[in-house]
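Please read the structure below before turning to the comments.
The values are calculated or read from the model by the stated rules, or taken from the named source; none is laboratory data. These figures come from a predicted structure and were not determined experimentally. Cβ placement follows ideal geometry from the backbone for every residue including glycine, while neighbour counts extend to all protein chains displayed. Side chains are part of the model used for accessible areas, which takes the heavy atoms of the whole protein and leaves out ligands, DNA and RNA. Shrake-Rupley method; radii C 1.70, N 1.55, O 1.52, S 1.80 Å.
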Amino acid sequence: MPRWKQSLPITQRIVLSDSARLFDPYGLAGPVIVQAKMFLQELRKKKYAWDEPLSADLQSQWLQFWTKLDRLDAVSVPRWIAFDNNVISSELNGFSDASEKAYGAVIYLRCVTREGSTTVRLLMAKSKVVPLEDLSEKKKRQSIPRLELS
């Protein structure tokens, strides 16, 4: 649950603090956590001060996001990798994708056993938000193909 009191307005400082509490070293919850990062980026675009209360609409969006985090408890990602003498073939597969708002990559391990059964395991993922344009330094947003290479 969020650490702020429900009676207090939500500020950018609270959103950042709550986002920093989302610990995901393997990136398995990346598609969810990147939404928090995009929300923070939206606050930066709208030039909110750190302790300025967010609009009622934005506060509602953040509360909805935070309450939906409980659904992550229902997600199960097998971490055991079936790698023993019975495995005759293994492949490490990577995939990346990008959009105008975020980009990410995943790595899977695919193993085939002597009996012909195939096991695919998600090993690691990483996601990032696309950096904002910096007009003072005349940096433009990168193209989607360039972001996919990132």
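Can you give the log10 of the normalised intensity I(q)/I(0) at q = 0.19, 0.26 Å⁻¹, computed with Debye over equal Cα scatterers of the range 77-150? Result of the Debye calculation: -0.79, -1.10. Can you give the FRET efficiency to the nearest 0.05 for M124 and S60, using r as the Cβ-Cβ distance and R₀ = 25 Å? Computed FRET efficiency for M124 and S60: 0.15. For the range 9-21, backbone phi angles converted through the Karplus equation (6.51, -1.76, 1.60; θ = phi - 60°) give residue-by-residue couplings of x, 8, 10, 4, 4, 5, 4, 5, 4, 5, 5, 5, 7 Hz, Gly and Pro being listed as x. Size descriptors for the chain: radius of gyration and Dmax over Cα atoms are 19.7, 62 Å.
Couplings for the range 50-61, taken from phi via the Karplus curve 6.51 cos²θ - 1.76 cosθ + 1.60 with θ = phi - 60°, read 4, 10, 7, x, 6, 4, 4, 5, 5, 4, 5, 4 Hz in order; Gly and Pro are left as x.
How high is the relative contact order of the chain, in percent, with contacts defined as C-alpha pairs under 8 Å that are six or more residues apart? Intermediate values should be presented prior to the final figure.
Details: 183 pairs, mean separation 33.9, N = 150.
Once divided by the residue count of the chain, the mean separation gives 23 percent.
Within the accessible area of the range 36-150, what % is carbon and sulfur when the probe is 1.4 Å and the other protein chains stay in place? If you can, show how the numbers build up before the last one.
Working: 4410 of 8370 Å².
Whole-percent figure for carbon plus sulfur exposure: 53.
Over the residues of the chain, the helix contribution to mean residue ellipticity at 222 nm works out to -9000 deg cm²/dmol, using -39500 (n - 2.57) for each DSSP H run of at least 4.
Accessible surface calculations at 1.4 Å, restricted to protein heavy atoms, place the chain at 70 Å² per residue. Annotation for R110 and K68: the two label points, set 7 Å from Cα along the Cα-Cβ direction, are 3.0 nm apart. When you filter the GluC sites (Glu not before Pro) in the range 68-144 for DSSP loop state and at most 11 other Cβ atoms inside 10 Å of their Cβ, you are left with E100, E115.
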